[in-house]
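Down below is the structure, laid out as structure tokens.
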Amino acid sequence: MADRLNGTRILILETREEAQFSKLLAEQGADVVQCPMFTIQDAPDPAPIEAWIRRAIDRPFDDLVLMTGEGLRRIMKLARARGLDQALVTSLAKSRKFTRGPKPGKALREISLEAQQTTEKPTTEGVIEMLGKLDLKGRRLGLQLYPDKDHSALTGALAAQGAEVDTVLPYVYDSKAADANIVDAIDEMAEGRIDSIALTNLGQVRRLIEAAKAHGSEAKLRAGLERTLIASVGPAVSGELAANGLRTDVSPADEAYFMRPLISAMASALAERKAASAAR
């Protein structure tokens, strides 16, 4: 149903798939306010990533664990630049492949590969639970990590299972460049000019609060969120909101933790708010 969000202003903090999310919202008639939490950049030193790629080619991993789609895309970007992409794809085809949620699976399909298993919960804990059911003793396991996260619980769990873990961190975040935009977005919410904020990963919650604290705007942020519909894509985001004393107003039903179900849930909740306001 088109035009369900006519007359609404939706704040999005998505970075990796900002254009797609914005397009889907605009198709429903929303005025989209974009505020990426950080910019994503290639790792400043490509040498460790290239060395990991060459190890993967020379001796294919028994298992490959992908934590983000962005990570695989950055790895493939460097592999193409070095003329190693076809050899890498051939090598990865020989590995059992595991993904943290659907996004890494999508990135695999872009290079004509498929994941053997995807976590039920798109979290590090979900990955640990999924891999904990496998016999990894003596297996070489390639593990793609992502920035601003302590991965010691995951690497420790894999090592305890007897896996030989080979990690790669193919990109970094630059958060300072986005601070001014975040402060502006907080002001917009505090002044009642945002109908809903859509949160698609728990890092957005952390980053929003950290930036607000750094700029003396935490009270204003919390006041703004009090008057703004808070939409969460799923339990990981809702859990992070709760941990910070914040509520979730709406989330997709039936474990459909994707953008389209989130937009549908937002549209229904905003329509109910509008009807309730008109009735008063």
Relative to the chain, whose Cα atoms define the longest principal axis, helix 259-279 and its Cα axis are tilted in degrees, nearest 10, by 10 degrees
For the chain, the longest principal axis of the Cα atoms and the Cα long axis of helix 18-27 enclose an angle in degrees, to the nearest 10, of 40 degrees
Here, GluC sites (Glu not before Pro) of region 174-280 satisfying both criteria (DSSP loop; at most 13 other Cβ within 10 Å) are GLU191, GLU255
Taking Cα atoms, the helix 179-190 axis meets the longest principal axis of the chain at an angle in degrees (rounded to 10) of 40 degrees
Note to self, the chain gives a 222 nm [θ] from helices alone (DSSP H runs n ≥ 4, -39500 (n - 2.57) apiece, / all residues, nearest 500) of -14500 deg cm²/dmol
Pairs over 21 Å Cα to Cα, from LYS121/LYS149; LYS103/LYS149; LYS77/LYS121, come to LYS77/LYS121
Heads up, region 41-172 by the C-alpha gyration tensor (a ≥ b ≥ c square roots of eigenvalues; a/c under 1.5 rounded, else a/b over b/c prolate, else oblate) looks rounded
Per DSSP, the loop-located GluC sites (Glu not before Pro) within region 50-118 having at most 12 other beta carbons within 10 Å are GLU114
Percent antiparallel among DSSP beta bridges confined to the chain, rounded to 5, stands at 15 percent
Summed over the other residues with a beta carbon less than 15 angstrom from that of THR124, with K and R at +1 and D and E at -1, the charge totals -1
Measuring from its Cα centre, the chain shows a charge dipole (+1 at each Lys and Arg Cβ, -1 at each Asp and Glu Cβ) which, in debye to the nearest 20, is 480 debye
Counting only DSSP beta bridges with both partners in region 41-172, the antiparallel fraction in percent, to the nearest 5, comes to 10 percent
Most fluctuating of ASP249, ASP135, ASP62 in the GNM of the chain (C-alpha, under 10 Å) is ASP135
Filtering trypsin sites (Lys or Arg not before Pro) in region 70-114 by DSSP loop and by at most 12 other Cβ atoms within 10 Å leaves LYS94
Read-out Cα extents along the principal axes in Å, candidates (1) 67, 37, 35; (2) 58, 44, 32; (3) 58, 37, 29; calculated match is (1)
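Every number here is computed from the coordinates shown, using simple stated rules; none is lab data. Remember, it's a predicted structure, so these values are computed and weren't measured experimentally. Note that we place each Cβ from the backbone using ideal geometry, even for glycine, and neighbour counts take in every protein chain shown.
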